[in-house]
Structure formats: structure tokens, C-alpha cells
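The structure appears below as C-alpha cells.
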Amino acid sequence: MEIAENTVVSFDYTLQNDAGETLDSSADRAPLDYLHGHGNIVPGLEKAMAGKAVGDSFTAKIPPEEGYGERHDALEQAVPRSAFEGIDKIEPGMMFQAETPNGPAPVTVTAVAEDTVTVDGNHALAGETLHFDVTVREVRAASAEEIEHGHVHGPDGHAH
Ligand code: ZN
């Protein structure tokens, strides 16, 4: 079976940046499952997956606009320390939900000063060209329920 709209795909992958550093890999865990055609994975990788079959291995180089988007410097800003009331220790790398006009959004602390905390709303991989090394492990037809929900359900059904 080829990867097409409404198939469930299991794949192994390694993700590297332009410098050849490994950012993420399924090597130490189970292959990743996703429902094809529903935006479950970044657009560039979903495009590269189309038409592949079990056992296919390939590499895909994905520019930021087809990956996690470009970096927007405006999404990095200093907020008063008082916005983190009740949190004793704030360190770079910590993630919080920020209230924004578009609803809650994840931000990462990038710097901490005496009175301000700098947070970055960019995705950690924004602006990165993604180099995927992929092997397709399994392809099956999605169930009607999976298609309706827009995501994969595990072998034991789902908990929602
Ligand atoms: Zn579901």
C-alpha cells in the first residue's frame, strides 16, 4: 500500500539541522505514527511521504517555510518578573503558556534578569532547514473514526 490521503503511516526518522547535528530521532523508541493528509506532521515532510511504500528509505531537505516556519524576532520579548508570580525559580529553557490575543501559546524562557524575563514564542526549530532521514515501516488504511478525528488511534483505541 502506498502512502496517500487517509492512510496511517509508521516511520523511523532522524532529523538533523544544516550543521549535521541530530535534533531528534526515533532510533531509541518506537516508530512515529501519523495520519497522512491531516497536517499531523510538518508540510514538507508530509509532501515527501506521499507515494512512498513500506521499506522505502529516503532523505528530505525541508526549508523553514515547509517546516516549523521562519523565526520572528518580534515573538521574543522581555516581560516583567511579576508576570511569573508564584514561581520561585525561573531559568532559561523553561516553558510556559502565555496568554496572547490568539489564545494560549507556548513560550520558552531565553534569559532571566533581575526585573525581567525574556521569553521566545518561536518554535524551537523555527528558521531551521530540516534534514530528515526516513524509513517507512508500516502503511495501513485509517479507520473511519481516525479520519473523523484527524489523528491516529493506538491499538487499544483511544482515551478521549
Ligand atoms: Zn481520536
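No lab work stands behind these numbers, since they all come straight from the coordinates. Just so it is clear, the model here is predicted, and its values are computed rather than measured. Don't worry about glycine lacking a Cβ; one is built from the backbone with ideal geometry, like all the others, and counts go over all protein chains shown.
One residue stands out in the range 120-146 among those that are outside any loop (DSSP other than H, G, I, E, B) and either under 19 Å from the mean Cα position of the chain (by Cα) or closer than 18 Å to Pro43 by Cα (or both): the one that is nearest to the ligand (Cβ to nearest atom), namely Val136. Count of the range 130-150 residues, restricted to those that are surrounded by fewer than 16 Cβ atoms within 10 Å (Cβ to Cβ) and touching a residue at least 24 places away in the same chain (Cβ under 8 Å), is 5. Exactly one of (1) surrounded by fewer than 16 Cβ atoms within 10 Å (Cβ to Cβ); (2) closer than 27 Å to Gly44 by Cβ; (3) within 16 Å of the ligand (Cβ to nearest atom) is unmet by Gly103. Its number? That leaves (3) as the condition not met.
Evaluation of Lys47 against the conditions (1) farther than 17 Å from Glu2 by Cβ; (2) without any contact (Cβ under 8 Å) to a residue 24 or more places away in the chain shows that the sole unmet condition is (1). Within the range 108-119, being buried (at least 18 other Cβ atoms within 10 Å of the Cβ) and either of a type outside the set (A, V, I, L, M) or within 16 Å of the ligand (Cβ to nearest atom) (or both) holds for no residue.
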